[in-house]
């Protein structure tokens, strides 16, 4: 057993409030996107590429060729 304390940097980030996230810190770690690249009310942000499967599972289209990411159980 260890006494090492770890802090998780995670959570549910609501896309309409994406600008409230720590973008300078994320960019220092290598993020190359701006908040508007992730979410915009216009059909230009990555949030427009989220798909919904029949059972309520979500997925993301990540390439122009249609490559889709989702959880394993959603792909069946």
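Of all residues in the stretch 59-68, which are surrounded by 12 or more Cβ atoms within 10 Å (Cβ to Cβ) and either over 15 Å from the mean Cα position of the chain (by Cα) or in a strand (DSSP E or B) (or both)?
Scanning the stretch 59-68 gives 59, 60, 61, 68.
Just checking, which of 11, 66, 59 is modelled with pLDDT of 75 or more and on the phi > 0 side of the Ramachandran plot?
66
Of the conditions (1) closer than 29 Å to residue 73 by Cβ; (2) out of contact with any strand residue (DSSP E or B) (no Cβ under 6 Å at 6 or more places or on another chain); (3) not in a loop (DSSP other than H, G, I, E, B), residue 56 satisfies every one except a single condition; which number is it?
Tallying (1) closer than 29 Å to residue 73 by Cβ; (2) out of contact with any strand residue (DSSP E or B) (no Cβ under 6 Å at 6 or more places or on another chain); (3) not in a loop (DSSP other than H, G, I, E, B), residue 56 fails exactly one: (3).
Looking at the stretch 35-53, which of its residues are touching a helix residue (DSSP H, G or I) at 6+ places or on another chain (Cβ under 6 Å), modelled with pLDDT under 80 and in a loop (DSSP other than H, G, I, E, B)?
Going residue by residue through the stretch 35-53, those that are touching a helix residue (DSSP H, G or I) at 6+ places or on another chain (Cβ under 6 Å) are 35, 38-39, 45-47, 53.
Still in the running and modelled with pLDDT under 80: 45-47, 53.
Answer for the stretch 35-53, where residues must be touching a helix residue (DSSP H, G or I) at 6+ places or on another chain (Cβ under 6 Å), modelled with pLDDT under 80 and in a loop (DSSP other than H, G, I, E, B): 45, 53.
Yes or no: the stretch 15-31 includes at least one residue that is in contact with a strand residue (DSSP E or B) (Cβ under 8 Å, 6 or more places away or on another chain), surrounded by 10 or more Cβ atoms within 10 Å (Cβ to Cβ), outside any loop (DSSP other than H, G, I, E, B) and modelled with pLDDT under 80.
No: the stretch 15-31 contains no residue that is in contact with a strand residue (DSSP E or B) (Cβ under 8 Å, 6 or more places away or on another chain), surrounded by 10 or more Cβ atoms within 10 Å (Cβ to Cβ), outside any loop (DSSP other than H, G, I, E, B) and modelled with pLDDT under 80.
The values are calculated or read from the model by the stated rules, or taken from the named source; none is laboratory data. Note that this is a predicted model, so its numbers are computed, not measured. So basically every Cβ, Gly included, is an ideal-geometry build from the backbone, and we count neighbours across all protein chains shown.
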